[in-house]
Amino acid sequence: MSSVHIKGGRLIDPRNQIDAKQDVFVSDGKIASLGRPPSGFRAECTIDAANLVVCPGLIDLSARLREPGFEYKATLESEMQAAVAGGVTSLVCPPDTDPPLDEPGLVEMLKHRAKSLNLAHVYPLGALTWKLEGERLAEMVVLRDAGCVAFSHADTPIPDTQVLWRALQYAATFGIPVWLRPQDGFLGRGGVAHDGEVATRLGLPAIPAFAETIALSTILQLVRATRARVHLCRLSTADGVAIVRAAKAEGLPVSCDVSVHHAHLSEVDLGYFDSHCHVVPPFRGVRDRDALRAGLADGTVDALCSDHAPVDEDAKQLPFAESEPGATGLELLLPLTLKWAQEMRVELPAALAKVTSMPARILGVPAGELSAGTGADLCVFDPHAHVKITVDFLKSQGKNTPFVGYELPGRVRYTLVGGQVVYEA
């Protein structure tokens, strides 16, 4: 189909501050016009969006696709199907594949595989150091030219602060963004749960909150010295949010995100060793969770991500401390964002900005908006319909989520990528 008419929907575009009942006209993979059809327009497909919301396709800042190297956990095809079923049209994949994304050939292969599926857009993060070993810097400029949008060390802390300093100097010289998850590798070593009363009661090895804030302070000092642009991934503590709030007030070039799971769950949800709640970083205290929610609402936290990490069932059916961390989240990004917005009384356009326009700004890609001439990546969803999360509902190969059994708001009806309907409920 080269022309699509989306009729009668509530159009929400946070970037352009649009919230109105408007038709959308798509032609040749791009948005031809909003409101009125362009001259000579003939629709090959009409989507009735009455009582539905039409918004830019969601952009997920952290989704592990498990290729190359971990195809037994998930495949590129299964996770891309899950993405479009969740209204996600663009996603960022971390570099901790096997082998890591530290060579141009690997990056080009991943992008080619993703493009051949004709589903969501994939933006790879390059490995900050060779093999993610934290010793020798990767060839960032070469990897950027191969298609990496930024550079990261995934969940592996860089123990040598001088290596991190050199990496930020190098990145600042070439205007390359660096994405870091703040955690002190020594303080967090061996830990599986937040250092609070639940971990104490269950006898689980703990990770203190200051493992995040000490690393965060180090990173921000290096940002002051280098002026490198740094995105802080998946904050988990109240003190971390307060530190980032002060850094932004100071004018440092930093942004940050929070996992959508951490906006809802806390250490209390571990219950009696529920391994589906074994995630990285760990679910923190209730005070931390509430601070993350408030930080999202006041703009300190820029974006929500799914932190999608499919894990095979055998790796979850183990004692909590021995189970593999991770939770599937691509299909839950929209429902959990809407649930947070309802509970915090955040208006729908502001909530959708956290998963559309703000992630696009962090990535620096032409997405996350609905303007004439831009790519027609759209999500059409029913904000009033609820979805019951079951194993069968999830299209992801990973069924590992603490939200099985929950009823959540927001059912995706259609997803369009490049003007093509790639998902229809």
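The values are calculated or read from the model by the stated rules, or taken from the named source; none is laboratory data. Because the structure is a prediction, the values reported are computed rather than measured. Cβ coordinates were reconstructed from backbone atoms using ideal geometry, including for glycine residues, and neighbour counts include every protein chain displayed. Surface areas here come from the heavy atoms of the whole protein model, side chains and all, with no ligands, DNA or RNA. Shrake-Rupley method; radii C 1.70, N 1.55, O 1.52, S 1.80 Å.
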Subject >> Cβ-placed point charges (K, R +1; D, E -1), dipole of the chain about Cα centre in debye, nearest 20 >> reply: 1100 debye
Original post:
Which percent, nearest 5, of DSSP beta bridges in segment 149-272 are antiparallel?
Top reply: 0 percent
Original post:
For helix 238-250, what angle does its Cα long axis make with the longest principal axis of the chain, in degrees from 0 to 90 and rounded to 10?
Top reply: 70 degrees
**OP:** For the chain, find the longest principal axis of its Cα atoms and tell me its angle to the long axis of helix 286-298, 0 to 90°, nearest 10.
**Re:** 40 degrees
Original post:
Measuring from label point to label point, each 7 Å out along Cα→Cβ, what is the Ala321 to Lys30 span in nm?
Top reply: 5.9 nm
**OP:** Can you find, among Cys379, Leu394, Pro409, the residue farthest towards the positive end of the dipole of segment 371-425? Put +1 on the C-beta of Lys and Arg, -1 on that of Asp and Glu.
**Re:** Leu394
Subject >> Sites excluded, trypsin sites (Lys or Arg not before Pro) in DSSP loops with at most 15 other C-beta within 10 Å, longest stretch of the chain >> reply: 228-344
Subject >> In order through segment 313-318: 3J(HN,Hα) via Karplus (6.51 cos²θ - 1.76 cosθ + 1.60), integer Hz, x for Gly, Pro >> reply: 4, 4, 6, 8, 7, 9
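Where both partners of a DSSP beta bridge lie in the chain, what percent of those bridges are antiparallel, to the nearest 5? Before the final figure, lay out the partial values.
Numbers: 30 of 61 bridges.
Bridges in the chain are about 50 percent antiparallel.
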**OP:** Can you send over the carbon and sulfur percentage of the accessible area for segment 179-240, probe radius 1.4 Å, protein chains only?
**Re:** 51 percent
Subject >> Accessible-area composition of segment 277-425, carbon plus sulfur, in percent [1.4 Å probe] >> reply: 49 percent
**OP:** Starting from the amide H of Val192, placed 1.01 Å from N in the peptide plane, find each other amide H under 5 Å away whose residue is 5 or more places distant or on another chain.
**Re:** Ala206, Ile207
Original post:
In a GNM of the chain with a 10 Å cut-off on Cα contacts, which of Ser217, Ser27, Ser116 has the highest mean-square fluctuation?
Top reply: Ser116
**OP:** For the chain, with a Gaussian network of springs between Cα atoms less than 10 Å apart, report the residue from Thr75, Thr173, Thr97 with the top mean-square fluctuation.
**Re:** Thr173
Original post:
Tell me, what is the per residue accessible area of the chain in Å², probe radius 1.4 Å?
Top reply: 39 Å²
**OP:** Give me the distance between the Cα centres of segment 1-70 and segment 317-357, rounded to whole Å.
**Re:** 22 Å
**OP:** Have a look at Ala120, Phe151, Ala74 and report the one farthest towards the positive end of the charge dipole of segment 36-170, computed about the Cα centre with Cβ charges (Lys/Arg +1, Asp/Glu -1).
**Re:** Ala120
**OP:** Specify the angular offset, from 0 to 90 degrees and rounded to the nearest 10, of the alpha carbon long axis of helix 210-226 from the longest principal axis of the alpha carbons in the chain.
**Re:** 70 degrees
**OP:** Give a quick list of chymotrypsin sites (Phe, Trp or Tyr not before Pro) in segment 115-202 that DSSP marks as loop, anything other than H, G, I, E or B, with at most 13 other Cβ atoms within 10 Å.
**Re:** Phe186
Original post:
What percentage of the solvent-accessible surface of segment 23-132, computed with a 1.4 Å probe over protein heavy atoms, is contributed by carbon and sulfur atoms?
Top reply: 48 percent
Subject >> Proximal lysines to Lys115, defined as alpha-carbon separation beneath 30 angstrom and excluding residues fewer than eight positions away on the same chain >> reply: Lys7, Lys30, Lys73, Lys131, Lys354, Lys395, Lys399
Original post:
Over the heavy atoms of His278, what accessible area does a 1.4 Å probe trace out, to the nearest 10 Å²?
Top reply: 10 Å²
